Amino acid sequence: MSTDLLQRGKQIKLAVFDVDGVLTDGRLYFLEDGSEFKTFNTLDGQGIKMLMAAGVQTAIISGRKTPVVERRAKNLGIPHVYQGREDKLVVLDELLGQLNLSYEQVAYLGDDLPDLPVIRRVGLGMAVANAASFVREHAHGITQARGGEGAAREFCELILRAQGRLDAANAAYL
């Protein structure tokens, strides 16, 4: 893990996640009745819970809108959920105003072009391993795991490690 990523991770007070391609594998599943379902990785969910337990706030910003995301966020206790919002930087500006935080205090994990303005603006902007190549080129770091396959957990653990809280977060389960 690079020194630069650890330095950036030290100042993080808010971790923001995209959904499709980050918390999921990016596939869209539609049933015959038109309803949609998504699959989420439990490792990612545990990482998000560990991050929140360590005092880092969390949010979801997604361009798509679906009740499944609302349910997953509620299950994990993620308090800030924005769906159906294509301009993610505008949403982040609103959230930073509410929370009285700066861009440097934000970490963002994304995978595609709508995530790029946020990735480039925040203190720690990361892309999942299978993100679009142009997005990976502009991210501060790239996870080893693919979206929906533990990338969010890796991102959460990076922040916890940078802040010297990973060992305590893990020890809570001993």
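Descriptive notes on the structure:
- Accessible-area value, MET50, 1.4 Å probe, nucleic acids and ligands omitted, Å²: 10
- In the chain, the DSSP-assigned H stretches of four residues or longer account for a calculated mean residue ellipticity at 222 nm of -11500 deg cm²/dmol, using -39500 (n - 2.57) per stretch and the full residue count as denominator.
- Rolling a 1.4 angstrom probe over the protein heavy atoms with all chains in place gives region 51-126 an accessible area of 45 Å² per residue.
- Percent RCO, i.e. relative contact order, over region 54-174, from Cα pairs under 8 Å lying at least 6 residues apart: 16
- Amide proton proximity set for GLN83, modelled H, under 5 Å, gap of 5+: SER62
- Carbon plus sulfur fraction of accessible area for region 3-166, probe 1.4 Å, in percent: 47
- Derived scalar couplings between HN and Hα for region 13-20 equal 10, 9, 10, 10, 10, 6, 10, 5 Hz in order, rounded to whole Hz, by the Karplus curve 6.51 cos²θ - 1.76 cosθ + 1.60 (θ = phi - 60°), x for Gly and Pro.
- Ignoring aspartates and glutamates fewer than eight residues from LYS38 along the same chain, the ones with Cα atoms less than 19 angstrom from its Cα are ASP18, ASP20, ASP25, GLU70, ASP111, ASP112, GLU149.
- Which listed pairs, of LYS13/LYS49; LYS49/LYS74; LYS10/LYS74; LYS13/LYS74, have C-alpha distances above 22 Å, in listed order: LYS10/LYS74
- Sites excluded, GluC sites (Glu not before Pro) in DSSP loops with at most 14 other C-beta within 10 Å, longest stretch of the chain: 87-174
- Within a straight-line Cα-Cα reach of under 17 Å, LYS88 can be paired with the following lysines, leaving aside sequence neighbours fewer than 8 residues apart in one chain: LYS65.
- Residue with peak Gaussian network fluctuation, the chain [Cα springs, cutoff 10 Å], from TYR108, TYR29, TYR82: TYR29
- Applying the Karplus relation 6.51 cos²θ - 1.76 cosθ + 1.60 with θ = phi - 60° to region 118-128 yields 3J(HN,Hα) values of 6, 3, 6, 9, 7, x, 9, x, 10, 10, 6 Hz, where x marks Gly and Pro.
The values are calculated or read from the model by the stated rules, or taken from the named source; none is laboratory data. Because the structure is predicted, anything quoted here is derived from the model rather than measured. Cβ atoms come from the backbone with ideal geometry, glycine included; neighbour counts cover every protein chain shown. Only protein heavy atoms, including side chains, enter the accessible area calculation; ligands, DNA and RNA are left aside. Shrake-Rupley method; radii C 1.70, N 1.55, O 1.52, S 1.80 Å.
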